[in-house]
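*Asks:* Sharing a structure below in structure tokens format, with a few things to ask.
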Amino acid sequence: MAITKTKFINYIRCPRYVSLDDIKKEKLNSVVTIEEYKKEEESYKMIELLSSMFDENGNDLIDITNEHLETMLPYYNEVELLAGHLAPKYFDGTFKYSKTTYNQESFDAIIDNIRYICYVDIYNENDNGFNIIEVKATTTKKYLDLGTKENSIFKKDEKGIYRLLEDLNLNIEKYMSIETYEKEKAKLFDKFTGPGHYVYDLAVQRFIIESDLKQNKDKRKVNYYLATLNSKYIFDGTYENDKPKYDEIDGEDIISFIDMTSITEKMMDKIALDAKTIENYITGLHADSVPLGQYCEYKKVTKCKYCNICWSILPEKHSILSYMDNHHGFKKDNVKYTIFDLINSGKVSMLDIDETYLNREKNIIQRKALETNNPYINKKKIIDGIKQITYPIYHLDFETFPCPLPRFKGEKPYTQSVFQFSLHIEKEPGKCDKEKDHYGYLAKDHLDHREELIKYMCDLIKEGTVLVYNDSFEKTRIKELSEIFPEHKEKLLKINSQIFDLMNIVKTRSKMYENLGYDKKEAKMINYYNPSMDGSYSIKKVLPVFSNLTYQGMEVANGVEAMVTYAQFPKLTKLDYEHKYQKLVEYCQQDTYAMFKVLDGLRKII
């Protein structure tokens, strides 16, 4: 069986994971089969890919299905192959890489009677030694954003490879203070940060490789790199044989290489300690419950696969996690308690902690609403919010495909490529028919239909209010489209100026209410809360409060399913395509009609 890189990353979470994974001691120095390794690594890589794809809506992906993974697998394979094709431009020597694990270079070592094994995405041998290049379907943005607004802690060398300022022997103080530099660099050593997650992965790989080399008395020099998608790359729309051609554009390649040799070197002692910890977990196997903590990654795509077991101590409804902003912790008698402190001490429901812990007024409101089973309503703020809306109202929603590789001209890696919109037009208060007043557009295939979509949307939207739910998403998409299609820029930016966020009324928006004359304290306070919302202002939690409209039983019932359905279009039979197409139309239509029902419900309660 052996311990693979993925098993290592999961086993170090906590001692219970090892036990629940049914470790057999006698198998720990056996050889893992290629099939076993490939299945495990591909699954983990897909989860990482989904994590990058859905940074904006990560919580929607807690329950990942094989269907989601299968949809994304071709994109990850393509990223790996692109990295392999581009590597000779940046590195000398010979290369070994493949989309199949079987053909990749492997390393293994036996440490304290346990076998560790890893395969390498790109193995690059040269006169000085060799390079290990690990391909990650995330983007350089995670790394280039480390630093200040003006300067990153990474800079390209003469070959175009990103390196730390200190590794380039540059004067750090020319770019930022030493304190800022060290603070930002520290995030690379924290596996629970976005960039740190991938660096820890590479460090585990280095630990296994260097253990192998040491045991074989191999003293070759090794350097370690991450290959990521280039967040600065803008696709020019060139196609060859019906496939995008990702040539260098304005000095940027689709893949960037980041030197992590010095960082991973500093992590070797930590990884060795982690290996010892895992060994102790294996030696002292027990399935007893352990304290919950950050390592569970409960609200991330990369959450522990045994969360359903360990987190079952929380009630399904009104758990302590339902308190808004619980990640900031709670205070009592000037002592701060994290959410994990409270859960591990047995406080698992909202009512398990008394009000002396609740130092945020919104949490006190939640508590009282639950105790009395009555909603909290600030009628005056809701009335003043609704007054900001002019008629007709265009209830608008987009569906997008955040493809790792840009598909169309003007897109970058992970651009949220708009393939559908839904629009319900409410001409006067409370008057909107789900069918008769609905308009929409859904791309019929994977060709570029964005301009057609834009034109139709611009023809439909005239004077009035464009109502959305969580406006940053729609505003960003419209702004992106206005840059890609400058001939429609004026109309698109006009639509952007008409956008109003329904969440401003349901929840609040401080700046808007301050402009309406409210003091800062009341402006930032929530406008409405119903205990059935369970701490969430997502449209799917808010809708049942104001309507009997439901997503339950819908074949396409959330944004992830919508994305997967669209991705499957080319593979469907004619009959299945027609069926799925209609289900996707119905889902997006439900989203915009839901906004109408919520607004109408707010009107009725005031």
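*Asks:* Let me see the P(r) profile for the stretch 513-599: every Cα-Cα distance counted, bins of 10 Å, each bin given as a percent of all pairs.
*Replies:* Result, from short to long distances: 15, 33, 26, 16, 7, 3 percent.
*Asks:* I've got another one for you. Would you mind calculating the relative contact order of the stretch 70-132 from Cα pairs under 8 angstrom and at least 6 residues apart, reporting the percent as a whole number?
*Replies:* 28 percent
*Asks:* Suppose R0 equals 35 Å; then what is the FRET efficiency for K604 and K489 from their Cβ-Cβ distance, rounded to the nearest 0.05?
*Replies:* 0.35
*Asks:* Give, rounded to the nearest 20 debye, the magnitude of the charge dipole that the chain has about its Cα centre when Lys and Arg contribute +1 at Cβ and Asp and Glu contribute -1 at Cβ.
*Replies:* Roughly 1640 debye, rounded to the nearest 20.
*Asks:* For an R0 of 60 angstrom, estimate the FRET efficiency from the Cβ-Cβ distance between L572 and K336 and round to the nearest 0.05.
*Replies:* On the way: r = 53 Å, r/R0 = 0.88.
The pair L572/K336 has a calculated efficiency of 0.70.
*Asks:* Next question. For the chain, what does the relative contact order come out to in percent, with C-alpha contacts under 8 Å and a separation of six or more?
*Replies:* Values: 948 pairs, mean separation 78.5, N = 606.
Relative contact order, the chain: 13 percent.
*Asks:* Follow-up question, since we're still on this one. At 4 °C and a viscosity of 1.567 mPa s, what translational diffusion coefficient does Stokes-Einstein give for the stretch 414-479, taking Rh as the Kirkwood radius over Cα pairs? Give it in µm²/s as a whole number.
*Replies:* My calculation gives 97 µm²/s for D.
*Asks:* Per residue, how many Å² of accessible area does the chain show with a 1.4 Å probe?
*Replies:* 46 Å²
*Asks:* At S510 and Y551, where each label point lies 7 Å from the Cα along Cα→Cβ, what is the point-to-point distance in nanometres?
*Replies:* With each label placed 7 Å out from Cα toward Cβ, I get 2.9 nm.
*Asks:* Can you give me the solvent accessible area of H85 with a 1.4 Å probe, rounded to the nearest 10 Å²?
*Replies:* Its accessible surface works out to 120 Å², give or take rounding.
*Asks:* Can I ask one more? Of K462/K574; K142/K336; K191/K368; K299/K332; K159/K300, which sit over 32 Å apart, Cα to Cα? Provide the component values of the computation, followed by the final result.
*Replies:* Working: K462/K574 36 Å; K142/K336 30 Å; K191/K368 38 Å; K299/K332 25 Å; K159/K300 36 Å.
Flagged as over cut-off: K462/K574; K191/K368; K159/K300.
*Asks:* Ignoring any ligand, DNA or RNA, what whole percent of the accessible area of the stretch 150-277 comes from carbon and sulfur when the probe is 1.4 angstrom? Provide the component values of the computation, followed by the final result.
*Replies:* Working: 2880 of 6300 Å².
About 46 percent, which is the carbon plus sulfur part of the accessible surface.
*Asks:* Once each part is reduced to its C-alpha centroid, what is the distance from the stretch 206-234 to the stretch 97-155 in angstrom?
*Replies:* 5 Å
*Asks:* Just name one of L493, T550, A523: the one whose Cα is farthest towards the positive end of the charge dipole of the stretch 488-557 (beta-carbon charges, Lys/Arg +1, Asp/Glu -1).
*Replies:* L493
*Asks:* Now for a separate question. Report the charge-dipole magnitude of the stretch 139-256 in Debye, nearest 20, computed about the Cα centre from +1 at each Lys and Arg Cβ and -1 at each Asp and Glu Cβ. The partial results should precede the final answer.
*Replies:* Values: 21 positive and 23 negative charges, 116 e Å.
Once rounded to the nearest 20, the dipole reads 560 debye.
*Asks:* Give me the Kirkwood hydrodynamic radius of the stretch 185-237 in Å, from all C-alpha pairs, to one decimal place?
*Replies:* Hydrodynamic radius (Kirkwood, Cα pairs) of the stretch 185-237 is 13.4 Å.
*Asks:* Hey, rough spin-label estimate for E371 and S538, points 7 angstrom out along Cα→Cβ, what's it come to in nanometres?
*Replies:* 2.9 nm
*Asks:* Here is a further query. Can you give me the pair-distance distribution of the chain, C-alpha pairs, 10 Å bins, whole percents?
*Replies:* Calculated P(r), rounded to whole percents: 3, 14, 22, 25, 21, 11, 3, 0.
*Asks:* How large is the convex hull of the Cα atoms of the stretch 177-308 per residue, expressed in Å³ as a whole number?
*Replies:* Taking only Cα atoms, the stretch 177-308 has a hull volume of 230 Å³ per residue.
*Asks:* In the chain, with Lys and Arg counted as +1 and Asp and Glu as -1 at Cβ, which of these residues, Y439, C307, N504, has the Cα nearest the positive end of the dipole, that is, farthest along it?
*Replies:* The residue sitting most towards the positive pole is N504.
*Asks:* How long are the semi-axes of the ellipsoid equivalent to the stretch 330-450, from square roots of 5 times the Cα gyration tensor eigenvalues, in whole Å, largest first? Don't skip to the answer; put the middle values down first.
*Replies:* Working: eigenvalues 365, 146, 33 Å².
Semi-axes from the Cα gyration tensor: 43, 27, 13 Å.
*Asks:* What is the distance in Å between the Cα centroid of the stretch 494-551 and that of the stretch 396-424?
*Replies:* 25 Å
*Asks:* First measure r as the distance between the Cβ atoms of E173 and D269, then evaluate 1/(1 + (r/R0)^6) with R0 = 35 Å and state the FRET efficiency to the nearest 0.05.
*Replies:* E(calc), rounded to 0.05, equals 0.75.
*Asks:* Then there is this: When the convex hull of the C-alpha atoms of the stretch 426-521 is computed, what volume per residue in Å³ does it have?
*Replies:* Enclosed volume per residue, from the Cα hull, is 142 Å³.
*Asks:* Let me ask another. Give the cross-link partners of K511 among the lysines, using a straight C-alpha distance below 20 Å as the criterion and excluding same-chain residues fewer than 8 apart.
*Replies:* Qualifying lysines at Cα under 20 Å: K362, K379, K380, K381, K387, K475, K520, K521, K524.
*Asks:* Roll a 1.4 Å probe over the protein heavy atoms and report the accessible area of D600 in Å², nearest 10.
*Replies:* 20 Å²
*Asks:* Another question, then. Counting Lys +1, Arg +1, Asp -1, Glu -1, what net charge surrounds E555 among other residues with beta carbon under 10 Å of its beta carbon?
*Replies:* 0
*Asks:* So, with +1 on the Cβ of K and R and -1 on the Cβ of D and E, and no other charges, what is the size of the charge dipole of the stretch 419-533 about its Cα centre, to the nearest 20 debye?
*Replies:* In debye, rounded to 20, the stretch 419-533 gives about 400.
The values are calculated or read from the model by the stated rules, or taken from the named source; none is laboratory data. From a predicted model like this one, the values you see are computed outputs, not experimental measurements. Here the Cβ is made from the backbone with ideal geometry for all residues, glycine too, and neighbour counts use every protein chain on show. Side chains are part of the model used for accessible areas, which takes the heavy atoms of the whole protein and leaves out ligands, DNA and RNA. Shrake-Rupley method; radii C 1.70, N 1.55, O 1.52, S 1.80 Å.
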